[in-house]
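The values are calculated or read from the model by the stated rules, or taken from the named source; none is laboratory data. Because the structure is a prediction, the values reported are computed rather than measured. Here Cβ is always computed from backbone atoms with ideal geometry, including for glycine, and neighbour counts include all displayed protein chains. These area figures cover heavy atoms from the full protein model, side chains too; ligands, DNA and RNA do not enter into them. Shrake-Rupley method; radii C 1.70, N 1.55, O 1.52, S 1.80 Å.
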Number of protein chains: 2
Amino acid sequence: MNDFELGPMVKDHRKKAGLTQLELANLAGVGKTTVFDIEKNKETVRWNNLLAVLRVLNIKVEFKSPLTK
Amino acid sequence: MNDFELGPMVKDHRKKAGLTQLELANLAGVGKTTVFDIEKNKETVRWNNLLAVLRVLNIKVEFKSPLTK
DNA sequence: CTTTTTTTACTGTTATAGCGGTAAAATTAA
DNA sequence: TTAATTTTACCGCTATAACAGTAAAAAAAG
């Protein structure tokens, strides 16, 4: 289970926000290539760049573990 | 709100797992510097490296948004 | 259909994350 | 206390992510 893919989620949110990849990139302060890579599920992107994109799209990140719950 | 810091959480989980930074790094397949940086909240680490460390510590990542819920 | 926009893909260059090594603090154990 | 371990910090070197172009393929608009 949990073969969740972040890329498609980002793409979906961007679409629903009415943004092009370039617009999202500019809003997030990253290059268009980075947005493209994120949507393609490339995981070698930098954490801060991914965070910047998620922030624009109002996607929150949560970390959970048996210890946390 | 939500000035959540990932670094301390990683450190706490590592401690409770009885691992040194070096051991965690080796288990995750990253350099010791990367583990150190993550615990210091350095956000320029690569997403895949962060994921590898979280996986060892059994910390799951969830993405949430108004659209998702 | 045709035109426009967007997305995908590739390229060369630049900036820097990641790495292991080393060593000094800081912490923990004996 | 001293000794051993761990963490923090810094150092070059290397690998590669990020970037702005460019252009072709795909999608959307007219």
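Once the partner protein chains are put back, region B:23-69 shows a loss of at least 50 square angstrom of accessible area, versus the chain by itself, at B:Glu43, B:Trp47, B:Lys60, B:Glu62, B:Phe63, B:Lys64, B:Leu67 (probe 1.4 Å, ligands and nucleic acids excluded). Once every DSSP H run of n ≥ 4 in the protein assembly as shown is given -39500 (n - 2.57) and the sum is divided by its residues, what mean residue ellipticity at 222 nm do you get, rounded to the nearest 500 deg cm²/dmol? That comes out to -15500 deg cm²/dmol. Distances between copies at A:Phe36, taken between label points 7 Å from Cα along the C-beta direction, are 3.6 nm in increasing order. Peptides B:27-33, B:50-56, A:7-13 ranked from most to least packed give B:50-56, A:7-13, B:27-33, packing being the mean of other C-beta atoms within 10 angstrom over each peptide's residues. Taken about its Cα centre, region B:1-49 carries a charge dipole of roughly 180 debye when the Cβ of each Lys and Arg holds +1 and the Cβ of each Asp and Glu holds -1. The magnitude of the dipole of the protein assembly as shown, with charges of +1 and -1 set on the Cβ of Lys/Arg and Asp/Glu and taken from the Cα centre, is near 140 debye. Inter-copy label distances at B:Ala17, using a point 7 Å along Cα-to-Cβ, come to 3.2 nm with the shortest given first.
Fraction of C-alpha pairs exceeding 14 angstrom in region B:6-57: 39 percent, rounded to a whole number.
Look at the dipole of the protein assembly as shown built from charges on Cβ: of A:Ile38, B:Phe36, B:Leu54, the Cα furthest out on the positive end belongs to B:Leu54.
Residue pairs exceeding 24 angstrom between C-alpha atoms, taken from A:Lys16/B:Lys60; A:Lys40/B:Lys16; A:Lys64/B:Lys16: A:Lys16/B:Lys60; A:Lys40/B:Lys16.
Helix screen, chain A: no DSSP H segment has Cα axial length of 20 Å or more and mean Kyte-Doolittle hydropathy at least -1.0. Stokes-Einstein, applied to the Kirkwood radius of the protein assembly as shown over Cα pairs at a viscosity of 0.890 mPa s and 25 °C, places its translational diffusion at 156 µm² s⁻¹. In nanometres and ascending order, the distances from the A:Val61 label point to those of the other copies are 0.6 (point 7 Å from Cα along Cα→Cβ).
How many angstrom separate the Cα center of region A:1-52 from the Cα center of region B:17-31? Measuring centre to centre over Cα atoms gives 29 Å.
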